[in-house]
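All remarks here apply to the structure that follows.
The values are calculated or read from the model by the stated rules, or taken from the named source; none is laboratory data. Bear in mind that the values here come from a model prediction, so they are computed numbers and not experimental data. Glycine gets a Cβ as well: all are built from the backbone with ideal geometry, and neighbour counts include every protein chain shown.
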Amino acid sequence: MSGALGEFVADEPALLVDNKGRRYLINLEPDKQYHSHAGFVPYTDIIGKPEGVQVATTKGQKFRVFRPTMNDYVLQMKRGAQVIYPKDIAAILMMADVYPGARVFETGVGSGAMSMALLRAGASVTGYEVREDFLARARKNVEGFLGPDVIDRYRVHVADAYEGVDFGKPGLVEGDPMFDRFVLDLPEPWQVIAHAPKTLRPGGIIVAYTPSITQAQQVRRSFNNGQYDEVSTTEVLYRTWHIEGQAVRPDHRMVGHTAFLTRGRLVGPKLDVVETEPEPAAEDPGVGEPVVDEV
Ligand SMILES: C[S@@+](CC[C@H](N)C(=O)[O-])C[C@H]1O[C@@H](n2cnc3c(N)ncnc32)[C@H](O)[C@@H]1O
């Protein structure tokens with residue numbers, strides 16, 4: 001499992017990095033090898049070695065071996081659906097204020113990239129995904145990176161999120177609001193926002209990830225019914241720099257656009273306003289009489 005300390009063990013993910021910075025995600029199955037045009041590296045050369053070890057293929061191509069970061073894993077893992085880009089995953093964790101023990105409703109689950117970040121931040125995730133094959137992939141990815149123990153906090157179902165939360169599903173009990181946060185990445189998040197107040201607690205936060213600004217506008221309209229406060233829309237621009245000797249400048253390439261992140265916070269019930277007698281007005285000095293400050 002990634003994040004473990006000490007030497008590499010069999011069946012955990014590892015990252016091979018060559019001298020040009022190219023990265024290859026592998027799983028250390030003891031009877032397998034990494035093959036390239038320059039020969040192969042048996043995984044038994046890596047198992048039992050410390051992180052950062054250098055290995056070489058049978059024809060001398062060298063690689064450093066590290067445990068993959070979540071960023072590496074998300075970009076290299078097998079995908080069903082398109083994943084949320086890591087720069088946006090990081091921002092969503094902060095905008096949704098995800099904390100250990102938070103009960104998060106996530107939909108669509110897709111390839112499980114967002115799920116991984118929520119689980120690693122300590123949340124319990126209830127996820128809805130319409131495609132069974134994507135859900136199976138998400139479970140594999142999550143378990144492959146975070147290990148089997150996390151699955152207790154990952155309750156995902158094949159279900160249409162537009163139809164509401166089905167209390168008949170295992171692990172869900174009707175009663176008090178069950179979720180602290182909603183994280184939405186599906187074509188029409190406003191269809192989920194419409195039923196969110198039934199299961200999101202007051203003060204709970206919704207973040208919707210939408211590639212297009214017209215979707216973001218529609219999300220904003222759905223927050224615009226008096227039930228939501230602290231509404232904002234953000235785009236995360238992420239630019240790396242080239243720094244080598246005197247050549248110091250932004251990198252030529254950057255990811256131009258991924259999506260807009262729109263956030264809203266559910267308000268609580270209005271308190272009854274107690275009518276009070278108005279304070280008596282200060283005495284009117286009278287028209288025409290100049291008000292003179294006492295000296
Ligand atoms: C872009 S992907 C989500 C990727 C995911 N956030 C990740 O980081 O891996 C959108 C997903 O929404 C799912 N989806 C679309 N409509 C849905 C619905 N009504 N209910 C549940 N899931 C839905 C799709 O099947 C797809 O897997």
- [ ] Looking at (1) within 16 Å of the ligand (Cβ to nearest atom); (2) modelled with pLDDT under 95, find the lone condition where A38 falls short.
- [x] (1)
Open item on the list: Against the definition (within 30 Å of Y99 (Cβ to Cβ), modelled with pLDDT of 70 or more and surrounded by fewer than 13 Cβ atoms within 10 Å (Cβ to Cβ)), how does L266 come out, yes or no?
Closed with: no
Open item on the list: If the requirement is being modelled with pLDDT of 95 or more, in a loop (DSSP other than H, G, I, E, B) and more than 8 Å from the ligand (Cβ to nearest atom), which of these qualifies: G168, G122, G127?
Closed with: G122
Open item on the list: Six or more apart or on different chains, Cβ atoms under 8 Å: show the pairs whose first residue is in the stretch 146-165 and in contact (Cβ under 8 Å) with a residue 60 or more places away in the chain and whose second is in a helix (DSSP H, G or I) and of a type outside the set (K, R).
Closed with: L146/M116; L146/L119
- [ ] Among the residues of the stretch 75-112, write down those that are within 11 Å of the ligand (Cβ to nearest atom), assigned to a loop (DSSP other than H, G, I, E, B) and free of Cβ contacts under 8 Å to residues at least 40 places away in the same chain.
- [x] Q82, V83, S111, G112
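For residues that are touching a Lys or Arg at 6+ places or on another chain (Cβ under 7 Å), surrounded by 14 or more Cβ atoms within 10 Å (Cβ to Cβ) and assigned to a loop (DSSP other than H, G, I, E, B), tally how many sit in the stretch 19-55.
Step one: of the stretch 19-55, the residues touching a Lys or Arg at 6+ places or on another chain (Cβ under 7 Å) are 19, 38-39, 43, 51-52, 54.
The next check asks that each one be surrounded by 14 or more Cβ atoms within 10 Å (Cβ to Cβ); those that pass are 38-39, 43, 51.
When the remaining residues are screened for being assigned to a loop (DSSP other than H, G, I, E, B), the result is 38, 51.
Residues meeting the conditions: 2.
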